[in-house]
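Enquirer: Below you'll find the structure I mean.
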Amino acid sequence: MYRYDEFDYTLVNERIQQFRGQVSRRLNGELSEDEFRPLRLMNGLYLQLHAYMLRVAIPYGTLSADQMRMLAHIARRYDRGYGHFTTRQNIQYNWPKLEDVPDMLADLANVEMHAIQTSGNCIRNVTADPFAGVAADEIEDPRVFAEIIRQWSTLHPEFSFLPRKFKIAVTGSPADRAAVGFHDIGLKMRRGPDGEIGFEVVVGGGQGRTPLVGQTIRDFLPKADLLSYLEAILRIYNEQGRRDNIYKARIKILVESLGAPAFAELVEREWEQTRGGGLDLPGDEIARIETYFAPPSYPPASVADNALTQARAAYPVFDRWCRVNLSDHRQPGYGIVNISLKPTGGIPGDISAEQMDVVADLADQFSLGEIRATYVQNLVLPHVRLADLKPLYDALADAGLATANIGLATDIISCPGLDFCNLANARSIPVAQRISERLADPDRLEAMGALRINISGCINACAHHHTGDIGLLGVDRKGVELYQITLGGRGDGDAAIGSIIGPAFSYDNVVGAVDNVIGTFLEQRQDGENFAETYRRIGPAPFKEQLYGTA
Amino acid sequence: MNARVLTANRLGDGAVVYRDAAGNWVEALEQAALAEDEAAEQALLMAGEDALARQLVVGPYLIEVALKAAAPSPLSQRERIRASGPTVAAWPAQVG
């Protein structure tokens, strides 16, 4: 894992000192709310419906066990004993007091964490494949470059007041587990013409009220040129992005209005002036960062473990969890364990302080002290010996963390919605809870195959509803919550935006409508198709007919 | 019939508060002062500006409530949820 150097420590500690002063001047009246608001947002502090909310960055989703213990401590000491993992690999606390926030940030700094770049019109915390460094299909660990981007972008003076927020995601695998097609910039590591590794650069993806899939503006960018090229993109956006209309201020609107080829040309022209200069990444600096992410030395592990085979045969529930929640590891004898934060009827992404401590202890015991957060609002133990799966499973089950539903219909992505969020128009969480209860039967759930349901409480689309096989968007019609259903979205490599299937449903009827859609899928599917495959084959008409009577 | 009450978030902890008839900021909507004409609304808004200036609250504004058996009930779902808190458990089920 990356460790802070003296510059990181100085920067984070100076920032806390500065914010402590700002909070105290706010509390004693020297700063008005109008003056304070942009300052608190630069430190991840929002004011929501019922309380302040502190969003803590988890750079590229990688956490140590000690960091997770600190998150638990903060939940207990300053909040209501829990935290909420977000759709950008971050964690939010829903109930902090303003006067406590500087102490929370100081505690976080003790474990090399902070809340910088989690709000405001800056380059936000960079996200990455949660299986980085361990995925069987990976070309190279993308976190090396996510960290380099973090160092370059943190408090970057030129890019601290962009037209709008700016999100970058990096993946090192062909399988996209970071939704790179829906970011302002998505970077996909790939091999170039001569076999060397670099990036495909995708720009202008995003959701919100204008959902767009990002477009490739450069097929191959050498590693050394990463920062100069990113800077060229940001410069063009900073100069030409719209500042007159918040709904048209994201880079996707600029790329869409110019056309990707014309935008690419502007970037290349800008880049010509700076490439080969001070932003070139020296090979030894890349190598220095690489050492932080070097693969751990794995204790020996047998590939075929008799005890595991026997345990799977003896315990069908454990066997199901292995089938559903385990992913392929590049190291023979190891697996990637996904911990679902979506128990039946639970709040997607919520985790209690006690559960955080359990995950931290289990990471120390079974995963070389490392944990990942996913944008799907789950956790990952990235380095688990297959021989340890049964004791790990038992401990997770004791803590209520062994739900076997990764990638299945109850692995719902949900924003906080109108229960917490100041921007929301409708509730998301209780809809997710009711769907999860309705679809809970584990046999039926597993038989349905991969199926993503996403629920956003407003058009800002924090829950990526455009990318769901089934997406729900909460809207407000004269003070009443209604839910639009979209079908056929994809968040992975074949990124696609779902289409609205018809008139919206009421809060009471939306769960039945989702069940109806799933019923149509099960009726129409052929030989083991998943939802996306069936939808692609038959289109929306049969779903529409079942939902609304006539086609 | 409908009336208006003044709401805001308390500066220190962000809690939802309402202005009562004695000029205090209280958490219970039932205790809020009701404005039933424009003059009363203006008086509440001015009290809000004053509280803002004295760093007591953030973002004061009027909301519309229906008076059912004399108890105020917000017309919008957003304000009903602000008044009574999240409709879901505000912390996950305790681990057994």
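The values are calculated or read from the model by the stated rules, or taken from the named source; none is laboratory data. Bear in mind that the values here come from a model prediction, so they are computed numbers and not experimental data. With ideal geometry, Cβ positions are generated from the backbone for all residues, glycine too; neighbour counts draw on all protein chains shown.
Enquirer: If the Cβ limit is 7 Å and pairs must be 6+ apart or interchain, which residue in region A:474-495 that is over 30 Å from residue A:172 (Cα atoms) pairs with which residue that is charged (D, E, K, R) and in a strand (DSSP E or B)?
Expert: A:474/A:481
Enquirer: For region A:1-33, which positions are polar (S, T, N, Q) and in a loop (DSSP other than H, G, I, E, B)?
Expert: Taking region A:1-33 first, the residues polar (S, T, N, Q) are A:10, A:13, A:17-18, A:22, A:24, A:28, A:32.
Answer for region A:1-33, where residues must be polar (S, T, N, Q) and in a loop (DSSP other than H, G, I, E, B): A:28, A:32.
Enquirer: So in region A:358-385, with the set limited to residues that are away from chain B (no Cβ under 14 Å) and charged (D, E, K, R), which one is surrounded by the most Cβ atoms within 10 Å (Cβ to Cβ)?
Expert: The residue in question is A:372.
Enquirer: Residue check, residue A:269 against (1) more than 28 Å from residue A:363 (Cβ to Cβ); (2) part of a loop (DSSP other than H, G, I, E, B); (3) without any contact (Cβ under 8 Å) to a residue 24 or more places away in the chain, all met but one. Which one?
Expert: (2)
Enquirer: How do the pairs read when you match residues in region A:366-391 that are of a type in the set (Val, Ile, Thr) with residues anywhere that are outside any strand (DSSP E or B) and surrounded by 24 or more Cβ atoms within 10 Å (Cβ to Cβ), using Cβ under 6 Å and keeping only pairs 6 or more apart or on different chains?
Expert: A:371/A:68; A:371/A:363; A:374/A:130; A:380/A:130; A:384/A:367
Enquirer: Identify, by number, the condition in (1) loosely packed, with under 13 Cβ neighbours inside 10 Å; (2) polar (S, T, N, Q); (3) under 30 Å from residue B:66 (Cβ atoms) that residue A:456 doesn't meet.
Expert: Only one criterion is unmet by residue A:456, namely (1).
Enquirer: Something else now. Quick one: which residue in A:52, A:78, A:4, A:9 is among the aromatic types (Phe, Trp, Tyr) and either closer than 23 Å to residue A:361 by Cβ or in contact with a Ser or Thr (Cβ under 8 Å, 6 or more places away or on another chain) (or both)? Steps first, please.
Expert: Working: A:52 fails: either closer than 23 Å to residue A:361 by Cβ or in contact with a Ser or Thr (Cβ under 8 Å, 6 or more places away or on another chain) (or both); A:4 fails: either closer than 23 Å to residue A:361 by Cβ or in contact with a Ser or Thr (Cβ under 8 Å, 6 or more places away or on another chain) (or both); A:9 fails: either closer than 23 Å to residue A:361 by Cβ or in contact with a Ser or Thr (Cβ under 8 Å, 6 or more places away or on another chain) (or both).
Being among the aromatic types (Phe, Trp, Tyr) and either closer than 23 Å to residue A:361 by Cβ or in contact with a Ser or Thr (Cβ under 8 Å, 6 or more places away or on another chain) (or both) holds for just one of A:52, A:78, A:4, A:9, which is A:78.
Enquirer: Which of the residues spanning region A:459-506 are within 14 Å of chain B (Cβ to nearest Cβ), surrounded by fewer than 21 Cβ atoms within 10 Å (Cβ to Cβ) and in a strand (DSSP E or B)? Before you say what the answer is, go through the steps one by one.
Expert: Step one: list which residues in region A:459-506 are within 14 Å of chain B (Cβ to nearest Cβ), which gives A:474-483, A:506.
Filter again for surrounded by fewer than 21 Cβ atoms within 10 Å (Cβ to Cβ), leaving A:475-480, A:482, A:506.
A:475, A:476, A:477, A:480, A:482, A:506, listed by residue number.
Let's see how each residue does on (1) closer than 30 Å to residue A:338 by Cα; (2) out of contact with any Leu (no Cβ under 9 Å at 6 or more places or on another chain):
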site: A:6; (1), (2): no, yes
site: A:18; (1), (2): no, no
site: A:27; (1), (2): no, no
site: A:35; (1), (2): no, yes
site: A:54; (1), (2): yes, no
site: A:67; (1), (2): yes, no
site: A:72; (1), (2): yes, yes
site: A:98; (1), (2): no, no
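Enquirer: When only residues in region A:106-130 that are hydrophobic (A, V, I, L, M, F, W, C) and either in a loop (DSSP other than H, G, I, E, B) or in contact with a Ser or Thr (Cβ under 9 Å, 6 or more places away or on another chain) (or both) count, which is farthest from residue A:167 (Cα to Cα)? Talk me through it step by step, then tell me what you get.
Expert: Residues of region A:106-130 hydrophobic (A, V, I, L, M, F, W, C): A:106, A:108-109, A:111, A:113, A:115-116, A:122-123, A:126, A:128.
Retained after the next criterion (residues that are either in a loop (DSSP other than H, G, I, E, B) or in contact with a Ser or Thr (Cβ under 9 Å, 6 or more places away or on another chain) (or both)): A:111, A:113, A:115-116, A:122-123, A:126, A:128.
On the way: A:111: 24, A:113: 19, A:115: 15, A:116: 14, A:122: 9, A:123: 6, A:126: 7, A:128: 11 Å.
Within region A:106-130, the match that is farthest from residue A:167 (Cα to Cα) is A:111.
Enquirer: Which of the residues that make up region A:270-315 are surrounded by fewer than 10 Cβ atoms within 10 Å (Cβ to Cβ) and among the hydroxyl-bearing types (Ser, Thr, Tyr)?
Expert: A:291, A:297
Enquirer: Grab the strands (runs of 3 or more DSSP E) fully contained in region A:326-426, keeping just those with 2 or more residues being under 30 Å from residue A:306 (Cα atoms). Let's see the steps before the verdict.
Expert: Details: elements: A:326-328, A:334-339, A:350-352, A:370-373, A:379-385.
Of the strands (runs of 3 or more DSSP E) lying wholly inside region A:326-426, those with at least 2 residues that are under 30 Å from residue A:306 (Cα atoms) span A:326-328, A:334-339, A:370-373, A:379-385.
Enquirer: For region A:483-512: of the residues being within 23 Å of residue A:376 (Cα to Cα) and of a type in the set (Gly, Ala, Ser), which is modelled with the lowest pLDDT?
Expert: If we filter region A:483-512 for residues that are within 23 Å of residue A:376 (Cα to Cα), which is where we start, we get A:483-500, A:510-511.
Retained after the next criterion (residues that are of a type in the set (Gly, Ala, Ser)): A:488-489, A:491, A:493, A:495-496, A:498-499.
Values: A:488: 96, A:489: 95, A:491: 84, A:493: 75, A:495: 85, A:496: 90, A:498: 96, A:499: 96.
Going through the qualifying residues, I end up with A:493.
Enquirer: Same structure again: For residue A:176, only one of the following conditions fails: (1) modelled with pLDDT of 95 or more; (2) surrounded by 20 or more Cβ atoms within 10 Å (Cβ to Cβ). What is its number?
Expert: All conditions pass for residue A:176, except number (1).
Enquirer: In region A:86-114, what count of residues is obtained for those that are under 16 Å from the mean Cα position of the chain (by Cα) and aliphatic (A, V, I, L, M)?
Expert: Within region A:86-114, the subset under 16 Å from the mean Cα position of the chain (by Cα) is A:86-92.
With the extra rule that they be aliphatic (A, V, I, L, M), the set shrinks to A:91.
So the count comes out to 1.
Enquirer: Considering only region A:135-152, I want to know if a residue exists there that is part of a loop (DSSP other than H, G, I, E, B), of a type in the set (Lys, Arg) and in contact with a Phe, Trp or Tyr (Cβ under 9 Å, 6 or more places away or on another chain).
Expert: So in region A:135-152, the residues part of a loop (DSSP other than H, G, I, E, B) come out as A:136-142.
Subset that is of a type in the set (Lys, Arg): none.
No: region A:135-152 contains no residue that is part of a loop (DSSP other than H, G, I, E, B), of a type in the set (Lys, Arg) and in contact with a Phe, Trp or Tyr (Cβ under 9 Å, 6 or more places away or on another chain).
Enquirer: If only one of A:44, A:81, A:21 is touching a strand residue (DSSP E or B) at 6+ places or on another chain (Cβ under 7 Å), surrounded by fewer than 23 Cβ atoms within 10 Å (Cβ to Cβ) and small (Gly, Ala, Ser), which one is it?
Expert: Working: A:44 fails: surrounded by fewer than 23 Cβ atoms within 10 Å (Cβ to Cβ); A:21 fails: touching a strand residue (DSSP E or B) at 6+ places or on another chain (Cβ under 7 Å).
Going through A:44, A:81, A:21 in turn, just one is touching a strand residue (DSSP E or B) at 6+ places or on another chain (Cβ under 7 Å), surrounded by fewer than 23 Cβ atoms within 10 Å (Cβ to Cβ) and small (Gly, Ala, Ser): A:81.
Enquirer: Only one of (1) within 14 Å of chain B (Cβ to nearest Cβ); (2) crowded, with 19+ Cβ neighbours inside 10 Å; (3) assigned to a helix (DSSP H, G or I); (4) not aliphatic (A, V, I, L, M) is not met by residue A:318, so which one is it?
Expert: With respect to (1) within 14 Å of chain B (Cβ to nearest Cβ); (2) crowded, with 19+ Cβ neighbours inside 10 Å; (3) assigned to a helix (DSSP H, G or I); (4) not aliphatic (A, V, I, L, M), residue A:318 is out only on (1).
Enquirer: Would you point out which residue out of A:206, A:214 is under 21 Å from residue A:145 (Cα atoms), within 25 Å of the chain's Cα centre (by Cα) and of a type in the set (Gly, Ala, Ser)?
Expert: Numbers: A:206 fails: under 21 Å from residue A:145 (Cα atoms).
A:214 is the lone residue from the list that is under 21 Å from residue A:145 (Cα atoms), within 25 Å of the chain's Cα centre (by Cα) and of a type in the set (Gly, Ala, Ser).
Enquirer: Do the conditions hold for residue A:434, that is, is it touching a residue at least 40 places away in the same chain (Cβ under 8 Å), charged (D, E, K, R) and closer than 22 Å to residue A:543 by Cβ?
Expert: Values: touching a residue at least 40 places away in the same chain (Cβ under 8 Å): yes; charged (D, E, K, R): yes; closer than 22 Å to residue A:543 by Cβ: yes.
Spelling it out, residue A:434 is indeed touching a residue at least 40 places away in the same chain (Cβ under 8 Å), charged (D, E, K, R) and closer than 22 Å to residue A:543 by Cβ.
Every residue, every condition in (1) hydroxyl-bearing (Ser, Thr, Tyr); (2) without any contact (Cβ under 8 Å) to a residue 24 or more places away in the chain; (3) away from every other protein chain (no Cβ under 11 Å); (4) surrounded by 15 or more Cβ atoms within 10 Å (Cβ to Cβ), yes or no:
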residue	(1), (2), (3), (4)
B:15	no, yes, no, yes
B:19	no, no, yes, yes
B:25	no, no, yes, yes
B:45	no, no, yes, yes
B:49	no, yes, yes, no
B:69	no, yes, yes, no
B:74	no, no, no, yes
B:78	no, yes, no, yes
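Enquirer: Determine whether region A:429-439 contains at least one residue that is farther than 27 Å from residue A:301 by Cα, within 14 Å of chain B (Cβ to nearest Cβ), part of a loop (DSSP other than H, G, I, E, B) and not small (Gly, Ala, Ser). Can you show your working first?
Expert: Of region A:429-439, the ones farther than 27 Å from residue A:301 by Cα are A:429-439.
Then keep just the ones that are within 14 Å of chain B (Cβ to nearest Cβ); that gives A:429-437.
Cutting the leftovers down to part of a loop (DSSP other than H, G, I, E, B) gives us none.
No, there is no match, as no residue in region A:429-439 is farther than 27 Å from residue A:301 by Cα, within 14 Å of chain B (Cβ to nearest Cβ), part of a loop (DSSP other than H, G, I, E, B) and not small (Gly, Ala, Ser).
Enquirer: Name the residues in region A:44-101 that are assigned to a strand (DSSP E or B) and among the basic types (Lys, Arg), would you? Spell out how you get there, then give the answer.
Expert: Initial filter on region A:44-101 (assigned to a strand (DSSP E or B)): A:45-47, A:52-56, A:62-64, A:82-85, A:91-93.
Within region A:44-101, A:55 is the sole residue that qualifies.
Enquirer: Quick one: in region B:29-43, of everything that is under 12 Å from the mean Cα position of the chain (by Cα) and more than 14 Å from chain A (Cβ to nearest Cβ), which residue is farthest from residue A:32 (Cα to Cα)? Even if it seems obvious, please write down each step before you answer.
Expert: Here is the first cut: in region B:29-43, the residues under 12 Å from the mean Cα position of the chain (by Cα) are B:29-34.
After this cut, where a residue has to be more than 14 Å from chain A (Cβ to nearest Cβ) as well, the list is B:30-34.
Working: B:30: 29, B:31: 28, B:32: 25, B:33: 26, B:34: 28 Å.
Taking the candidates together, the pick is B:30.
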